[in-house]
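Worksheet: one structure, shown below.
The values are calculated or read from the model by the stated rules, or taken from the named source; none is laboratory data. Owing to the predicted nature of the structure, the values given are computational and were not obtained by experimental measurement. As a convention, Cβ positions derive from the backbone with ideal geometry for all residues, glycine included, and neighbour counts pool all protein chains shown. Just the protein is used for accessible areas: all its heavy atoms, side chains included, with ligands, DNA and RNA removed. Shrake-Rupley method; radii C 1.70, N 1.55, O 1.52, S 1.80 Å.
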Amino acid sequence: MSIPSPSEGVWHIGPVPIRAYALCIIAGIVFAIWLGERRWVARGGRPGEVSDLAIWAVPFGLIGGRLYHVITDWHLYFGEGQDPITALYVWRGGLGIWGAVALGIVGIWIGARLRGIKLLPLLDALAPGVLVAQALGRWGNWFNQELYGRPTDLPWGLEIDVAHRPAQYLDVATFHPTFLYECLWNLAAFGVLIWLDRRFRLGHGRVAALYVMLYTAGRGWIENLRIDDVQMDDVLGLRLNVWTSIVLFVAAALFFLWSARRHPGREEIVRTREPDADEADEAKQSEDQPTGDPTA
């Protein structure tokens, strides 16, 4: 028993390539916007605002994700025998989640300031959907046969074609399906996050902080299973991404404790100013949209 890998991850409609990796990323983005919209309206935001902010967040996030990957694995694109232009080939894979989150938040912050929206309640509304988006996006690694773990003979071992195996593992057929581990972890974390938010009515950035804590707790051990060639694979005995997970977990935990002490409860006001005439008109056109549950 084992998990087969797709024979191909690109289909063509005439001259147009349809890439599974891109479809997985797009599916995740669509879900995150849909769920974030429901949660934001339930928190007191206006319909359509999350979709509008996505215009800022998505391109910033994609650029940030690619920059993080290229900076931390620059040897894949620069130096002898490499072609720097391939650093732009996002469809081949290679998006660092923390770069995507960091610049994505910058994009959200810019859009939120322009609309008079407070950043922390907005991030709280968006965080659960991001977990599901990451879970969906990981299936792109399955199609690309990349970012898998160490060899294993477990029944759920992932079959990897010889062309996609590291040189030292050419005689090994099955590996840990780390894409699946992270997908399942993110979905479980999503359920926990929704339950905690519903149970304790979290606010002031604590949902976002818990998102970081839950994600990094899983990413740390999953990262240790991976055998893909990364430039910083031994930073004081650990891969860079493991250290990143540790540092971010601690930082998020400290912020959570500070927020709970300084700002108990949940915000009642999620804006810094009332929307202008154009924004109010846009919101009026969306009044018939369902608000959903505040902690959906």
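Of the numbered conditions (1) touching a residue at least 12 places away in the same chain (Cβ under 8 Å); (2) farther than 19 Å from Thr272 by Cα; (3) surrounded by fewer than 16 Cβ atoms within 10 Å (Cβ to Cβ), Gly116 fails exactly one; give the number of that condition.
(2)
For the subset of segment 81-95 comprising residues that are in a loop (DSSP other than H, G, I, E, B) and in contact (Cβ under 8 Å) with a residue 40 or more places away in the chain, which member is least open to solvent (accessible area, probe 1.4 Å)? Let's see the steps before the verdict.
Residues of segment 81-95 that are in a loop (DSSP other than H, G, I, E, B), as a first pass: 81-83, 89, 93-95.
Adding the requirement that they be in contact (Cβ under 8 Å) with a residue 40 or more places away in the chain leaves 93, 95.
Numbers: Gly93: 7, Leu95: 54 Å².
The residue in question is Gly93.
In segment 168-184, what count of residues is obtained for those that are assigned to a helix (DSSP H, G or I) and either at positive phi or open to solvent by 80 Å² or more (accessible area, probe 1.4 Å) (or both)?
Step one: of segment 168-184, the residues assigned to a helix (DSSP H, G or I) are 168-169, 178-184.
Then drop every residue that is not either at positive phi or open to solvent by 80 Å² or more (accessible area, probe 1.4 Å) (or both), which leaves 168, 184.
Residues that pass the stated criteria total 2.
Under 8 Å by Cβ, and 6 or more places apart or on different chains, what pairs join a residue from segment 181-194 that is touching a residue at least 24 places away in the same chain (Cβ under 8 Å) with one that is of a type in the set (Val, Ile, Thr) and part of a helix (DSSP H, G or I)?
Sorted first by the residue in segment 181-194, then by its partner, the pairs are Tyr181/Ile222; Glu182/Ile222; Trp185/Ile222; Asn186/Val132; Leu187/Val132; Phe190/Val132; Leu193/Val207.
What pairs can you find where one residue is in segment 63-76 and at negative phi, the other is in a helix (DSSP H, G or I) and open to solvent by less than 20 Å² (accessible area, probe 1.4 Å), and their Cβ atoms are less than 6 Å apart, with a gap of 6+ or different chains?
Within 6 Å, the pairs are Gly64/Gly99; Gly65/Gly99; Leu67/Gly99; Tyr68/Gly99; Val70/Ala87.
I'd like the full set of residues that are part of a helix (DSSP H, G or I), in contact with a Leu (Cβ under 9 Å, 6 or more places away or on another chain) and open to solvent by less than 50 Å² (accessible area, probe 1.4 Å), limited to segment 34-67.
Once the filter is applied, which keeps residues that are part of a helix (DSSP H, G or I), in contact with a Leu (Cβ under 9 Å, 6 or more places away or on another chain) and open to solvent by less than 50 Å² (accessible area, probe 1.4 Å), segment 34-67 yields Leu35, Gly36, Arg39, Trp40, Glu49, Val50, Leu53, Ala57, Gly61, Gly64, Gly65, Arg66.
So Glu146 fits all but one of (1) surrounded by fewer than 22 Cβ atoms within 10 Å (Cβ to Cβ); (2) outside any loop (DSSP other than H, G, I, E, B); (3) under 19 Å from the mean Cα position of the chain (by Cα); what number is the exception?
(2)
When you scan segment 1-19, do you find a residue that is open to solvent by 30 Å² or more (accessible area, probe 1.4 Å) and either under 18 Å from the mean Cα position of the chain (by Cα) or within 30 Å of Gly203 (Cβ to Cβ) (or both), even just one?
So far as segment 1-19 goes, no, none of its residues is open to solvent by 30 Å² or more (accessible area, probe 1.4 Å) and either under 18 Å from the mean Cα position of the chain (by Cα) or within 30 Å of Gly203 (Cβ to Cβ) (or both).
Would you check if there is a residue in segment 140-159 being within 20 Å of Val230 (Cα to Cα) and in contact with a Cys (Cβ under 6 Å, 6 or more places away or on another chain)?
The answer is yes; a qualifying residue exists.
Could you figure out which of (1) among the aliphatic types (A, V, I, L, M); (2) at pLDDT 95 or above; (3) open to solvent by 40 Å² or more (accessible area, probe 1.4 Å); (4) part of a loop (DSSP other than H, G, I, E, B) isn't true of Leu202?
With (1) among the aliphatic types (A, V, I, L, M); (2) at pLDDT 95 or above; (3) open to solvent by 40 Å² or more (accessible area, probe 1.4 Å); (4) part of a loop (DSSP other than H, G, I, E, B) applied to Leu202, the lone miss is (3).
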